[in-house]
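Each value in this text was obtained by applying a stated rule to the coordinates, not by laboratory testing. All values reported here derive from a predicted model rather than from experimental measurement. In this analysis, Cβ positions are derived from the backbone assuming ideal geometry, glycine residues included, and neighbour counts consider all displayed protein chains.
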Amino acid sequence: MLVASCALGDEPTDRQTGSAADASGPIASSFLQFLGTKAGTEYVEYAPGESKCIFGYSMLYVPPNTVIDFAQDARDKMRHWGVSEERIDNVLFTHSHFDHFDAPTILSFARDRWEQFNRQTHAYASQTVFAALQEAVEEAGAAEFLKVTKVSVGDRIALADGVAATVLPSSHWTAPTPVHFLLEFHGKEILYAVDAAAPKEEGFAALAGHCIDALITDCTYLDGEVDPTKSGHMNYTMVCEFMAEIKKRGLAEASAPCYITHLISVDYAQAAPVARDLGLRMAYDGLRITVAP
Ligand SMILES: [Zn+2]
Ligand SMILES: [Zn+2]
């Protein structure tokens, strides 16, 4: 529930301030950071421009020790934004699509952490990713250093002091067994609905009794047309309806910001003002959402 003395905002990204050294203190741990914001278009080696851009596959850093989703470019994004591999003990998965889950990449990540830092990696995933990852772990003889836990809707995963994730149903029907997460982050509740189509009743029902402080959601197609019978994603209109419905039902603060991510290739400078006029905040690689005490 809302902690009235807290404020949510975003801050300009400075690559240097994302350094691993920063992640140790209480101030530096009071932000979430987008490590990638792109939809599942073609793979490109991670090399974003210096300005705000949408380049890497969607991924979220939840300090001090967790990331959500791990695609082929995951390690490159972490390196670029200064997220220490040593610290990332937990990886949560939303679903099995290639822009969110790549078994060889998380296996090599977990193996390197084990060899370099003697630390186990814990992966949390629903049935489809769980089964694929478990098989990969067995094949690679990786059980010693990569622990895979199957999660189901309603499970709550304690991640760190003041940080947890509850598994929610997902509307991303084009993937098998997808999930969303409700993050508890130092007294705030943040809904991570990526990827997402127009929500179903069960999505709202799962939020009963909560009051979301910020929403992060899929807006893959921006102002493009979406046929909801064919696509598992959203556009501006659908996200605005989703936000309005959540607020109408009292499941979020009236002032709760909505960040959009998982975007098709887009010129940030051109598109962000359009989103802002609709009441949405366009994420970009490296953007931090601060949770100030
Ligand atoms: Zn995706
Ligand atoms: Zn997907």
With each run of n ≥ 4 DSSP H residues scored as -39500 (n - 2.57), what mean residue ellipticity at 222 nm is computed for the chain after dividing by its residue count and rounding to the nearest 500 deg cm²/dmol?
-6500 deg cm²/dmol
Reachable lysines from K147, Cα under 24 Å, same-chain residues fewer than 8 places away excluded?
K77
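Based only on Cα atoms, what Rg/Rh ratio does region 46-145 have, Rh being taken as Kirkwood's radius?
Taking Rh as the inverse mean 1/r over Cα pairs, Rg/Rh reads 0.96.
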Pairing the Cα long axis of helix 268-277 with the longest principal axis of the chain, what angle in degrees results, from 0 to 90 and rounded to the nearest 10?
50
Percent of Cα pairs exceeding the 20 Å cut-off, where the set is region 184-254
28
Residues whose modelled amide H sits under 5 Å from the amide H of L168, counting only those 5 or more places away in sequence or on another chain, are G154, H180, F181, L182
Calculate how steeply helix 236-248 sits against the longest principal axis of the alpha-carbon atoms of the chain, using the helix alpha-carbon long axis, and give the answer as 0 to 90 degrees to the nearest 10.
80
Could you go through region 183-200 in sequence order and give the Karplus-derived ³J(HN,Hα) for each residue, using 6.51 cos²θ - 1.76 cosθ + 1.60 with θ = phi - 60°, rounded to whole Hz, and x for Gly and Pro?
8, 9, 9, 6, x, 9, 10, 10, 8, 10, 10, 9, 6, 8, 9, 4, x, 9
Over 20 Å between alpha carbons, listed pairs K200/K230; K38/K200; K52/K230
K38/K200; K52/K230
Zone of D277 (label point 7 Å along Cα→Cβ, backbone N under 15 Å): which residues in region 220-251?
223-224, 236-237
Computed FRET efficiency, Cβ-Cβ of A132 and T229, R0 30 Å: what is it to the nearest 0.05?
0.65
Give the longest segment of the chain that steers clear of GluC sites (Glu not before Pro) in DSSP loops with at most 11 neighbouring Cβ atoms within 10 Å, not counting the sites themselves.
51-143
Label-point separation in nm, F98 to E50, each point 7 Å along Cα→Cβ:
3.3
Exposure proxy check on S96, S265: fewest-to-most Cβ neighbours within 10 Å is S265, S96
Could you work out how far helix 103-117 tilts from the main Cα principal axis of the chain, as a 0 to 90 degree angle to the nearest 10?
60
The residues C258, C219, C211, sorted from fewest to most surrounding Cβ atoms within 10 Å, come out as C211, C258, C219
Rounded to the nearest 0.05, what FRET efficiency do R156 and R119 give with R0 = 22 Å and r taken as the Cβ-Cβ distance? Could you check?
0.40
Tell me, what ³J(HN,Hα) does each residue in region 73-88 have, in order and in whole Hz, if you take phi through Karplus 6.51 cos²θ - 1.76 cosθ + 1.60 with θ = phi - 60° and put x for Gly and Pro?
9, 4, 5, 5, 5, 4, 4, 4, 8, x, 8, 5, 5, 4, 7, 7
One would report the Cα pair-distance distribution of the chain, bin width 10 Å, in %, as 6, 31, 39, 20, 3, 0
Proxy exposure order for K230, K52, K77, K38 (fewest C-beta within 10 Å first) is K230, K52, K77, K38
